[in-house]
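Written below as structure tokens is the structure these notes are about.
The numbers here are math on the coordinates, done by the rules we state, and not lab data. Worth saying up front: this structure is predicted, and the values here are computed from it rather than measured. Cβ coordinates were reconstructed from backbone atoms using ideal geometry, including for glycine residues, and neighbour counts include every protein chain displayed.
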Amino acid sequence: MIVILVPGFWLDASSWRDVEPPLSAAGHTVRALTLPGLEADADRSGIGVRDHVAAIVAAIDAEDEPVVLVGHSGGGPLAYAAADARPDRVARIVFVDAGPLTSGASINDALPAEGADVPLPDWAAFEEAELAGLTGELRERMRAEAIPEPAAVTREPVELSDERRRAIPATVICTSMPAAQVRELIAAQHPYVAELAAMSDVDLVDLPTGHWPQFSRPADLGAAIVAALG
């Protein structure tokens, strides 16, 4: 299958480089995206959620067959919004420590901005569960490669309009939050997972590590994505 990899905040296409080999070895065609404003020295002042969703939709439209969207972290809601725009062109969505948002919600408007940029915060801003598996060396590598996120992408609402999106099969690869806890939130009708609960075909898969498995367990993440594709 054609697998489009959507990075989370502060990351570009290169963040998937150690995840791609298992996918390619399984015969899949991989397209790793760098979203607008995540290029080196980019002007992020005019870039918002719609620009990121449009870039993913363009990647879908460039293919002659249905695709699989893989979205990490903040890339998950963006991938879901692109699937909403092209529900008949997406065969499956894989959320990596992520999930869909309800229409009108922002991805993370609490992140501190510096003008049009949201830089990668200090590690102290993250919970221990998020940092699990991210060794000192990996933290240095990630910070060296991190690119400020366009502030508007973190704050603007995600817009959804086609309920056919909820029929697209989905897999959630649970890394910093165990699948059992996600199921508890769904059972409790927590608003955080309201859109996920509304999807008709969802598999929850555990991959115990932190929030950035493409750094801490890339080969295992690649294998988990391959397994999700059957």
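Proximity of backbone amide H atoms, modeled 1.01 Å from N, is registered between A32 and L5 at under 5 Å, excluding neighbours fewer than 5 places apart on the same chain.
What does the charge count around L207 come to, taking other residues whose C-beta lies under 13 Å from its C-beta (Lys +1, Arg +1, Asp -1, Glu -1)?
-3
Distance between the C-alpha centres of the stretch 191-207 and the stretch 8-32: 23 Å, rounded to the whole angstrom. Neighbours of M177, meaning other residues whose beta-carbon lies under 11 angstrom from its beta-carbon, give a summed charge of -4 when Lys and Arg score +1 and Asp and Glu score -1.
Compute the length gained on full extension between A179 and E128: take 0.36 nm times their separation in residues and subtract their Cα-Cα distance, giving the result in nm to one decimal.
Values: separation 51, 0.36 × 51 = 18.36 nm, distance 1.75 nm.
Result for the pair: 16.6 nm of gain on full extension.
The label point for Q189 and the one for D41, both projected 7 Å from the Cα toward the Cβ, are 5.4 nm apart. The listed peptides 189-198, 162-171, 115-124, ordered by packing as a protection proxy, come out as 162-171, 189-198, 115-124 (highest mean of other Cβ atoms within 10 Å first). In terms of its C-alpha gyration tensor, the stretch 85-210 comes out oblate, because a/c is 1.5 or above while a/b does not outweigh b/c. Mean residue ellipticity, 222 nm, helices only, the chain: the sum of -39500 (n - 2.57) across DSSP H runs of n ≥ 4, divided by residue count and rounded to 500, is -9000 deg cm²/dmol.
Just add up the charged neighbours of L111: K/R +1, D/E -1, any other residue whose Cβ is under 10 Å from the Cβ of L111.
Working: positive: R155; negative: D109, E149.
Residues near L111 contribute -1 overall.
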